Amino acid sequence: MDNDTRILLNLTDPHLTFSSHWLKFILINKIKVVQILCTLSYTPKACSNCGIINHGQIVKYGFYKAKHKYGQFRTQPLMLVVKTQRFRCPDCQTTFNATSYLFENNHTISVDLKREIVLRLCRIQSIKDIAHDLFISEASVQRVLMDLADQYKPDLNYLPRTLCIDEFKSMRSVKGKMSFIAVDGNKQCLFELLEDRRLRSLLEHYQQFSLKARRNVKYLVMDMNASYDQLVKSVFPNARVIYDRFHIAKHLNDTMNHVRIHVYNRLRKGDKEAQKKARRIKHYWRLFLQDQDHLCKRDYYERRYFHRTVNSVVILDLMLEYDQELSATYNLIQALKRAYNQRNFPAFIKLLKIHPANVSHYALHRCKVLARYANGIKLGFKKKFSNGRTEGINNRIKLIKRVAYGYRYFKTFKTRICLIIGHQIQVN
(Lines give C-alpha, C1' and ligand atoms only; values in the text may rest on other atoms or scores of the structure.)
Protein backbone atom coordinates (compact mmCIF):
# COMPACT_ATOMS: atom_id res chain seq x y z
CA MET A 1 0.00 0.00 0.00
CA ASP A 2 1.44 3.38 -1.00
CA ASN A 3 1.56 6.39 1.31
CA ASP A 4 -1.33 8.25 -0.37
CA THR A 5 -3.66 5.29 0.13
CA ARG A 6 -2.64 5.04 3.78
CA ILE A 7 -3.45 8.72 4.29
CA LEU A 8 -6.78 8.34 2.48
CA LEU A 9 -7.79 5.44 4.75
CA ASN A 10 -6.19 7.07 7.84
CA LEU A 11 -3.95 4.03 8.36
CA THR A 12 -0.92 6.17 9.23
CA ASP A 13 0.43 4.10 12.13
CA PRO A 14 4.11 3.44 11.18
CA HIS A 15 3.98 0.04 12.91
CA LEU A 16 1.47 -1.26 10.35
CA THR A 17 2.93 -3.04 7.35
CA PHE A 18 1.08 -4.23 4.26
CA SER A 19 1.91 -7.01 1.85
CA SER A 20 1.66 -6.70 -1.92
CA HIS A 21 -1.81 -8.29 -1.90
CA TRP A 22 -3.40 -6.39 0.94
CA LEU A 23 -7.01 -6.25 -0.39
CA LYS A 24 -9.51 -9.09 -0.16
CA PHE A 25 -13.26 -9.48 -0.75
CA ILE A 26 -15.41 -11.99 1.16
CA LEU A 27 -19.13 -12.62 1.69
CA ILE A 28 -20.54 -12.36 5.22
CA ASN A 29 -24.28 -13.01 5.52
CA LYS A 30 -24.62 -12.44 1.75
CA ILE A 31 -22.96 -9.03 2.07
CA LYS A 32 -19.76 -8.24 0.21
CA VAL A 33 -17.15 -7.10 2.76
CA VAL A 34 -13.83 -5.44 1.89
CA GLN A 35 -10.93 -6.69 4.02
CA ILE A 36 -7.58 -4.94 4.39
CA LEU A 37 -4.80 -7.31 5.46
CA CYS A 38 -1.95 -5.88 7.53
CA THR A 39 0.60 -6.75 10.22
CA LEU A 40 1.18 -4.87 13.47
CA SER A 41 4.61 -5.40 14.99
CA TYR A 42 7.34 -3.37 16.74
CA THR A 43 9.91 -3.62 19.52
CA PRO A 44 8.25 -2.69 22.85
CA LYS A 45 9.96 -0.20 25.15
CA ALA A 46 8.63 -1.85 28.31
CA CYS A 47 6.31 -4.59 29.54
CA SER A 48 2.72 -3.40 29.65
CA ASN A 49 2.01 -5.69 32.64
CA CYS A 50 4.92 -5.17 35.08
CA GLY A 51 6.38 -2.01 33.53
CA ILE A 52 9.97 -3.21 33.37
CA ILE A 53 12.09 -1.53 30.67
CA ASN A 54 12.98 -3.71 27.73
CA HIS A 55 16.71 -4.32 27.38
CA GLY A 56 16.27 -7.16 24.95
CA GLN A 57 14.81 -9.66 27.37
CA ILE A 58 11.23 -9.24 26.04
CA VAL A 59 10.88 -11.58 23.09
CA LYS A 60 8.36 -11.88 20.30
CA TYR A 61 5.91 -14.67 20.98
CA GLY A 62 3.99 -15.32 17.78
CA PHE A 63 0.96 -13.64 16.25
CA TYR A 64 -2.79 -13.67 16.57
CA LYS A 65 -5.35 -12.45 14.08
CA ALA A 66 -7.70 -9.62 15.11
CA LYS A 67 -10.61 -8.26 13.05
CA HIS A 68 -11.63 -4.62 13.49
CA LYS A 69 -14.66 -3.05 11.81
CA TYR A 70 -13.55 0.11 10.02
CA GLY A 71 -16.75 1.68 8.73
CA GLN A 72 -17.63 1.74 5.06
CA PHE A 73 -16.08 2.66 1.74
CA ARG A 74 -18.38 3.35 -1.24
CA THR A 75 -21.33 1.85 0.68
CA GLN A 76 -19.39 -1.37 1.30
CA PRO A 77 -18.42 -2.51 4.80
CA LEU A 78 -14.71 -2.19 5.46
CA MET A 79 -12.79 -4.44 7.87
CA LEU A 80 -9.18 -4.50 9.05
CA VAL A 81 -7.68 -7.95 9.50
CA VAL A 82 -4.62 -7.29 11.65
CA LYS A 83 -1.93 -9.87 12.26
CA THR A 84 -0.98 -8.65 15.74
CA GLN A 85 2.38 -9.40 17.35
CA ARG A 86 2.46 -11.02 20.78
CA PHE A 87 5.28 -10.51 23.31
CA ARG A 88 6.49 -12.46 26.34
CA CYS A 89 8.13 -10.91 29.39
CA PRO A 90 10.47 -13.33 31.25
CA ASP A 91 10.45 -11.23 34.45
CA CYS A 92 6.69 -11.46 35.16
CA GLN A 93 6.13 -14.57 33.04
CA THR A 94 3.20 -12.95 31.17
CA THR A 95 2.37 -12.14 27.58
CA PHE A 96 0.95 -8.98 26.03
CA ASN A 97 -0.03 -7.76 22.59
CA ALA A 98 1.07 -4.97 20.30
CA THR A 99 -1.22 -1.95 20.40
CA SER A 100 -2.13 0.90 18.05
CA TYR A 101 -3.98 4.18 18.40
CA LEU A 102 -6.27 3.02 15.61
CA PHE A 103 -8.07 0.48 17.81
CA GLU A 104 -8.77 -0.06 21.49
CA ASN A 105 -7.99 -3.18 23.48
CA ASN A 106 -10.80 -5.74 23.64
CA HIS A 107 -12.85 -3.80 21.09
CA THR A 108 -13.78 -4.95 17.60
CA ILE A 109 -14.76 -1.41 16.53
CA SER A 110 -11.96 0.89 15.42
CA VAL A 111 -11.52 4.39 16.82
CA ASP A 112 -12.45 5.96 13.46
CA LEU A 113 -15.68 3.98 13.30
CA LYS A 114 -16.51 4.96 16.88
CA ARG A 115 -16.01 8.60 15.91
CA GLU A 116 -18.36 8.12 12.96
CA ILE A 117 -20.98 6.62 15.28
CA VAL A 118 -20.76 9.65 17.57
CA LEU A 119 -21.17 12.03 14.62
CA ARG A 120 -24.26 10.17 13.44
CA LEU A 121 -25.70 10.15 16.96
CA CYS A 122 -25.56 13.95 16.82
CA ARG A 123 -28.15 13.88 14.01
CA ILE A 124 -31.84 13.10 14.28
CA GLN A 125 -31.56 9.49 13.13
CA SER A 126 -32.66 6.24 14.71
CA ILE A 127 -30.09 3.88 16.22
CA LYS A 128 -31.32 1.13 13.94
CA ASP A 129 -30.61 3.24 10.84
CA ILE A 130 -27.13 4.15 12.13
CA ALA A 131 -26.31 0.48 12.70
CA HIS A 132 -27.63 -0.46 9.25
CA ASP A 133 -25.63 2.26 7.45
CA LEU A 134 -22.36 1.41 9.22
CA PHE A 135 -22.86 -2.40 9.03
CA ILE A 136 -22.66 -2.95 12.77
CA SER A 137 -25.11 -4.19 15.38
CA GLU A 138 -27.54 -1.97 17.25
CA ALA A 139 -25.96 -3.12 20.51
CA SER A 140 -22.62 -1.65 19.37
CA VAL A 141 -24.23 1.75 18.79
CA GLN A 142 -25.96 1.49 22.17
CA ARG A 143 -22.64 0.78 23.90
CA VAL A 144 -21.04 3.86 22.36
CA LEU A 145 -24.03 5.95 23.44
CA MET A 146 -23.89 4.59 27.00
CA ASP A 147 -20.15 5.38 27.19
CA LEU A 148 -21.02 8.99 26.36
CA ALA A 149 -23.81 9.04 28.95
CA ASP A 150 -21.34 8.35 31.75
CA GLN A 151 -19.38 11.49 30.87
CA TYR A 152 -22.21 13.98 31.47
CA LYS A 153 -22.08 15.20 35.05
CA PRO A 154 -23.37 18.56 36.30
CA ASP A 155 -21.08 21.09 37.92
CA LEU A 156 -22.56 21.49 41.41
CA ASN A 157 -20.84 24.88 41.83
CA TYR A 158 -22.57 26.60 38.93
CA LEU A 159 -26.11 27.64 38.08
CA PRO A 160 -27.04 30.22 35.40
CA ARG A 161 -28.29 33.66 36.37
CA THR A 162 -31.58 33.10 34.53
CA LEU A 163 -33.14 29.64 34.56
CA CYS A 164 -36.02 28.84 32.20
CA ILE A 165 -37.83 25.72 33.37
CA ASP A 166 -40.61 23.60 31.90
CA GLU A 167 -41.73 19.99 31.57
CA PHE A 168 -42.01 17.61 28.63
CA LYS A 169 -43.38 14.13 28.04
CA SER A 170 -40.49 11.70 27.71
CA MET A 171 -41.53 8.04 28.19
CA ARG A 172 -44.01 5.82 29.99
CA SER A 173 -41.52 4.52 32.55
CA VAL A 174 -40.94 8.00 33.99
CA LYS A 175 -42.48 8.57 37.40
CA GLY A 176 -44.95 11.41 37.38
CA LYS A 177 -45.46 11.00 33.59
CA MET A 178 -43.46 14.16 32.78
CA SER A 179 -39.77 15.04 32.80
CA PHE A 180 -38.06 18.33 33.64
CA ILE A 181 -36.06 20.63 31.38
CA ALA A 182 -33.96 23.67 32.33
CA VAL A 183 -32.52 26.19 29.86
CA ASP A 184 -29.95 28.92 30.45
CA GLY A 185 -31.94 32.08 29.73
CA ASN A 186 -28.85 34.23 29.09
CA LYS A 187 -26.98 31.88 26.75
CA GLN A 188 -30.18 30.37 25.27
CA CYS A 189 -28.85 26.81 25.49
CA LEU A 190 -29.93 23.60 27.16
CA PHE A 191 -28.71 23.39 30.75
CA GLU A 192 -30.01 20.08 32.09
CA LEU A 193 -32.68 17.40 31.86
CA LEU A 194 -34.18 15.53 34.82
CA GLU A 195 -36.24 12.37 34.70
CA ASP A 196 -38.82 13.43 37.30
CA ARG A 197 -40.42 16.87 37.45
CA ARG A 198 -42.21 16.37 40.80
CA LEU A 199 -41.36 18.80 43.60
CA ARG A 200 -39.67 16.28 45.88
CA SER A 201 -37.27 15.16 43.15
CA LEU A 202 -36.49 18.75 42.15
CA LEU A 203 -35.74 19.71 45.75
CA GLU A 204 -33.39 16.75 46.18
CA HIS A 205 -31.58 17.59 42.97
CA TYR A 206 -31.07 21.33 43.43
CA GLN A 207 -30.16 21.06 47.09
CA GLN A 208 -27.02 19.23 45.93
CA PHE A 209 -25.76 22.48 44.40
CA SER A 210 -23.70 24.81 46.55
CA LEU A 211 -25.40 27.75 48.27
CA LYS A 212 -23.28 30.17 46.23
CA ALA A 213 -24.54 28.63 42.99
CA ARG A 214 -28.18 28.74 44.15
CA ARG A 215 -27.81 32.37 45.18
CA ASN A 216 -26.53 33.18 41.72
CA VAL A 217 -29.96 32.45 40.22
CA LYS A 218 -31.78 35.80 39.92
CA TYR A 219 -34.74 34.93 37.70
CA LEU A 220 -36.81 31.79 37.17
CA VAL A 221 -38.90 31.84 33.97
CA MET A 222 -41.76 29.32 34.12
CA ASP A 223 -45.43 28.67 33.58
CA MET A 224 -48.03 29.03 36.34
CA ASN A 225 -47.16 25.82 38.16
CA ALA A 226 -47.66 25.94 41.94
CA SER A 227 -44.95 23.35 42.62
CA TYR A 228 -42.35 25.51 40.88
CA ASP A 229 -43.27 28.39 43.19
CA GLN A 230 -42.44 26.15 46.16
CA LEU A 231 -39.13 25.27 44.51
CA VAL A 232 -38.17 28.95 44.30
CA LYS A 233 -38.98 29.60 47.96
CA SER A 234 -37.10 26.54 49.19
CA VAL A 235 -33.98 26.41 47.01
CA PHE A 236 -33.26 29.76 45.33
CA PRO A 237 -33.18 32.51 47.97
CA ASN A 238 -32.45 35.41 45.57
CA ALA A 239 -34.60 34.33 42.63
CA ARG A 240 -37.66 36.20 41.35
CA VAL A 241 -40.37 34.49 39.37
CA ILE A 242 -41.13 35.55 35.79
CA TYR A 243 -44.26 34.07 34.26
CA ASP A 244 -43.66 33.34 30.63
CA ARG A 245 -45.47 35.58 28.15
CA PHE A 246 -46.14 32.63 25.86
CA HIS A 247 -48.21 30.94 28.55
CA ILE A 248 -50.13 34.16 29.22
CA ALA A 249 -51.11 34.40 25.54
CA LYS A 250 -51.97 30.70 25.52
CA HIS A 251 -54.09 31.23 28.64
CA LEU A 252 -56.12 33.90 26.83
CA ASN A 253 -56.51 31.84 23.64
CA ASP A 254 -57.63 28.76 25.58
CA THR A 255 -60.24 30.86 27.38
CA MET A 256 -61.61 32.21 24.08
CA ASN A 257 -61.66 28.71 22.58
CA HIS A 258 -63.52 27.28 25.58
CA VAL A 259 -66.28 29.92 25.33
CA ARG A 260 -66.55 29.52 21.55
CA ILE A 261 -66.98 25.75 21.86
CA HIS A 262 -69.57 26.25 24.60
CA VAL A 263 -71.62 28.56 22.34
CA TYR A 264 -71.20 26.17 19.40
CA ASN A 265 -72.56 23.23 21.42
CA ARG A 266 -75.55 25.30 22.45
CA LEU A 267 -76.36 26.44 18.90
CA ARG A 268 -75.94 23.07 17.18
CA LYS A 269 -78.82 21.65 19.24
CA GLY A 270 -81.26 24.31 18.00
CA ASP A 271 -83.20 24.78 14.77
CA LYS A 272 -81.76 24.82 11.24
CA GLU A 273 -80.81 28.48 11.42
CA ALA A 274 -78.98 27.97 14.73
CA GLN A 275 -77.19 24.92 13.31
CA LYS A 276 -76.06 27.00 10.35
CA LYS A 277 -74.61 29.57 12.76
CA ALA A 278 -72.90 26.78 14.69
CA ARG A 279 -71.23 25.49 11.51
CA ARG A 280 -69.91 28.97 10.77
CA ILE A 281 -68.48 29.32 14.31
CA LYS A 282 -66.79 25.94 13.98
CA HIS A 283 -65.36 26.53 10.49
CA TYR A 284 -63.98 30.04 11.16
CA TRP A 285 -62.58 29.32 14.63
CA ARG A 286 -59.19 30.89 13.82
CA LEU A 287 -60.73 34.34 13.45
CA PHE A 288 -61.62 34.38 17.16
CA LEU A 289 -57.95 33.85 18.09
CA GLN A 290 -56.40 36.40 15.73
CA ASP A 291 -55.62 39.90 16.93
CA GLN A 292 -58.36 42.26 15.82
CA ASP A 293 -55.84 44.60 14.20
CA HIS A 294 -54.47 41.78 12.00
CA LEU A 295 -57.76 40.76 10.43
CA CYS A 296 -58.01 41.10 6.67
CA LYS A 297 -60.13 44.15 5.74
CA ARG A 298 -59.55 44.43 1.99
CA ASP A 299 -60.03 41.06 0.28
CA TYR A 300 -63.64 40.36 -0.57
CA TYR A 301 -64.57 36.96 -1.99
CA GLU A 302 -67.22 34.32 -1.53
CA ARG A 303 -66.60 32.22 1.54
CA ARG A 304 -67.97 28.87 2.65
CA TYR A 305 -71.34 29.10 4.47
CA PHE A 306 -71.70 32.71 3.21
CA HIS A 307 -73.41 33.11 -0.16
CA ARG A 308 -71.99 36.56 -0.77
CA THR A 309 -68.61 38.29 -0.93
CA VAL A 310 -67.24 38.98 2.54
CA ASN A 311 -63.90 39.47 4.26
CA SER A 312 -62.59 38.37 7.66
CA VAL A 313 -63.88 41.43 9.53
CA VAL A 314 -67.41 41.03 8.16
CA ILE A 315 -67.45 37.30 8.98
CA LEU A 316 -66.32 37.91 12.56
CA ASP A 317 -68.85 40.73 13.11
CA LEU A 318 -71.67 38.51 11.86
CA MET A 319 -70.66 35.64 14.14
CA LEU A 320 -70.33 37.88 17.22
CA GLU A 321 -73.97 38.94 16.74
CA TYR A 322 -75.10 35.34 17.29
CA ASP A 323 -74.52 35.40 21.05
CA GLN A 324 -74.02 38.17 23.63
CA GLU A 325 -71.78 36.01 25.84
CA LEU A 326 -69.51 35.24 22.88
CA SER A 327 -69.33 38.91 21.86
CA ALA A 328 -68.63 40.25 25.39
CA THR A 329 -65.97 37.61 26.06
CA TYR A 330 -64.30 38.28 22.70
CA ASN A 331 -64.12 42.03 23.41
CA LEU A 332 -62.56 41.40 26.84
CA ILE A 333 -59.96 38.95 25.49
CA GLN A 334 -59.06 41.35 22.66
CA ALA A 335 -58.61 44.20 25.14
CA LEU A 336 -56.31 42.00 27.24
CA LYS A 337 -54.32 41.01 24.16
CA ARG A 338 -53.96 44.65 23.14
CA ALA A 339 -52.57 45.55 26.56
CA TYR A 340 -50.35 42.46 26.42
CA ASN A 341 -48.90 43.38 23.01
CA GLN A 342 -48.24 46.95 24.14
CA ARG A 343 -46.63 45.71 27.41
CA ASN A 344 -49.07 47.93 29.29
CA PHE A 345 -49.23 46.17 32.64
CA PRO A 346 -51.48 48.69 34.49
CA ALA A 347 -54.13 48.40 31.77
CA PHE A 348 -53.74 44.61 31.69
CA ILE A 349 -54.20 44.14 35.44
CA LYS A 350 -57.10 46.62 35.46
CA LEU A 351 -58.93 44.59 32.79
CA LEU A 352 -58.40 41.41 34.81
CA LYS A 353 -60.17 42.89 37.82
CA ILE A 354 -63.24 44.36 36.10
CA HIS A 355 -66.38 42.29 35.49
CA PRO A 356 -68.11 43.43 32.26
CA ALA A 357 -71.72 42.43 31.66
CA ASN A 358 -72.52 39.22 29.74
CA VAL A 359 -68.93 37.93 29.94
CA SER A 360 -68.66 34.18 30.43
CA HIS A 361 -68.23 33.02 34.04
CA TYR A 362 -65.42 30.77 32.86
CA ALA A 363 -63.58 33.77 31.37
CA LEU A 364 -64.00 35.73 34.62
CA HIS A 365 -62.61 32.77 36.58
CA ARG A 366 -59.55 32.58 34.31
CA CYS A 367 -59.01 36.31 34.76
CA LYS A 368 -59.02 35.85 38.55
CA VAL A 369 -56.37 33.13 38.16
CA LEU A 370 -54.16 35.47 36.13
CA ALA A 371 -54.64 38.25 38.69
CA ARG A 372 -53.15 36.00 41.41
CA TYR A 373 -49.85 35.96 39.53
CA ALA A 374 -49.66 39.73 39.05
CA ASN A 375 -46.07 40.15 40.29
CA GLY A 376 -44.67 37.47 38.00
CA ILE A 377 -46.67 38.78 35.03
CA LYS A 378 -45.38 42.30 35.67
CA LEU A 379 -41.79 41.07 35.53
CA GLY A 380 -42.65 39.15 32.36
CA PHE A 381 -43.81 42.40 30.75
CA LYS A 382 -40.63 44.24 31.78
CA LYS A 383 -37.91 41.63 31.16
CA LYS A 384 -36.88 40.16 27.81
CA PHE A 385 -36.75 36.57 29.09
CA SER A 386 -39.28 34.01 27.93
CA ASN A 387 -39.65 30.26 27.48
CA GLY A 388 -39.62 30.52 23.70
CA ARG A 389 -36.28 28.73 23.45
CA THR A 390 -37.48 26.09 25.92
CA GLU A 391 -40.61 25.39 23.88
CA GLY A 392 -38.47 25.12 20.75
CA ILE A 393 -36.26 22.52 22.44
CA ASN A 394 -39.38 20.64 23.58
CA ASN A 395 -40.53 20.51 19.97
CA ARG A 396 -37.19 19.03 18.86
CA ILE A 397 -37.36 16.50 21.70
CA LYS A 398 -40.70 15.31 20.31
CA LEU A 399 -39.07 14.88 16.90
CA ILE A 400 -36.13 12.92 18.38
CA LYS A 401 -38.53 10.61 20.19
CA ARG A 402 -40.79 10.15 17.16
CA VAL A 403 -37.96 9.27 14.77
CA ALA A 404 -36.70 6.57 17.15
CA TYR A 405 -40.23 5.30 17.91
CA GLY A 406 -39.55 6.00 21.59
CA TYR A 407 -36.80 5.10 24.05
CA ARG A 408 -36.69 2.49 26.79
CA TYR A 409 -34.25 4.16 29.19
CA PHE A 410 -34.23 7.82 30.16
CA LYS A 411 -30.42 7.85 30.43
CA THR A 412 -30.14 6.93 26.75
CA PHE A 413 -32.84 9.44 25.79
CA LYS A 414 -31.16 12.24 27.75
CA THR A 415 -27.75 11.58 26.20
CA ARG A 416 -29.20 11.62 22.70
CA ILE A 417 -30.95 14.95 23.36
CA CYS A 418 -27.72 16.48 24.67
CA LEU A 419 -25.81 15.29 21.61
CA ILE A 420 -28.34 16.59 19.08
CA ILE A 421 -29.48 19.85 20.68
CA GLY A 422 -26.28 20.78 22.49
CA HIS A 423 -25.72 21.21 26.18
CA GLN A 424 -23.93 23.24 28.83
CA ILE A 425 -23.17 20.23 31.04
CA GLN A 426 -19.48 19.97 31.73
CA VAL A 427 -17.75 16.82 30.53
CA ASN A 428 -15.30 15.39 33.05
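The values are calculated or read from the model by the stated rules, or taken from the named source; none is laboratory data. Computed from a prediction, not measured in an experiment: that's the story for all the values here. No Cβ is skipped: glycine too gets one built from the backbone with ideal geometry, and neighbour counts run over all protein chains shown. For accessibility, only protein heavy atoms count, side chains too; no ligands or nucleic acids. Shrake-Rupley method; radii C 1.70, N 1.55, O 1.52, S 1.80 Å.
By accessible area, using a 1.4 Å probe on protein heavy atoms only, the chain has 50% of its surface on carbon and sulfur. Fraction of C-alpha pairs exceeding 12 angstrom in the range 245-302: 72 percent, rounded to a whole number. The angle separating the long axis of helix 111-121 from the principal Cα axis of greatest extent in the chain is about 10 degrees.
Here the chain is treated with +1 on each Lys and Arg Cβ and -1 on each Asp and Glu Cβ, and its dipole about the Cα centre works out to around 1180 debye.
Rolling a 1.4 Å probe over the protein heavy atoms leaves ILE420 with an accessible area of roughly 20 Å².
Determine the sum of side-chain charges near ILE58: Lys and Arg each +1, Asp and Glu each -1, restricted to other residues whose C-beta is under 10 angstrom from that of ILE58.
+2
Across the options MET171, VAL141, PRO154, the greatest Cα extent toward the positive end of the charge dipole of the range 139-182 (unit charges at beta carbon of Lys, Arg, Asp, Glu) belongs to MET171. The label point for VAL369 and the one for ARG279, both projected 7 Å from the Cα toward the Cβ, are 3.4 nm apart. Across the protein chains, with a 1.4 Å probe defining accessible surface, the residues LYS30, LYS212 rank LYS30, LYS212 from largest area downward. Annotation for PHE18 and PHE73: the two label points, set 7 Å from Cα along the Cα-Cβ direction, are 0.7 nm apart.
With an 8 Å cut-off on Cα pairs and a minimum separation of 6 or more residues, tell me the relative contact order of the chain in percent.
The value is 14 percent.
What the Cβ-Cβ distance of ASN238 and TYR305 gives, at R0 = 56 Å and to the nearest 0.05, is a FRET efficiency of 0.50. Calculated from the structure at hand, Rg and Dmax of the Cα atoms in Å is found among (1) 32.4, 105; (2) 21.3, 69; (3) 24.8, 91 as (1). The count of lysine pairs in the range 317-428 with alpha-carbon distances below 14 Å, taking only pairs 8 or more places apart or on different chains, stands at 7.
Nearest 0.05, what FRET efficiency do LYS45 and ASP133 give at R0 = 35 Å with Cβ-Cβ as r?
Values: r = 40 Å, r/R0 = 1.13.
Once the sixth-power term is evaluated, E becomes 0.30.
Ligands, DNA and RNA aside, ASP271 has an accessible area near 100 Å² when probed at 1.4 Å.
Of the chain, which part is the longest with no GluC sites (Glu not before Pro) in a loop (DSSP not H, G, I, E, B) and with at most 14 other C-beta atoms within 10 angstrom? That gives 105-320 as the longest site-free run.
For the peptides 13-19, 66-72, what is the packing order when you average, over each peptide's residues, the other Cβ atoms within 10 Å and list the highest mean first?
66-72, 13-19
In the context of the full protein assembly, TRP22 retains an accessible surface of approximately 60 Å², using a probe radius of 1.4 Å and ignoring ligands and nucleic acids. Summed over the residues of the chain and divided among them, the accessible surface reaches 55 Å² per residue at a probe radius of 1.4 Å.
Other residues with beta-carbon under 12 Å from the beta-carbon of TYR228 carry, at +1 per Lys or Arg and -1 per Asp or Glu, a net charge of -2. Take the Cβ-Cβ distance between HIS361 and ARG115 as r, set R0 to 51 Å, and report the resulting FRET efficiency rounded to the nearest 0.05. Approximately 0.25, to the nearest 0.05.
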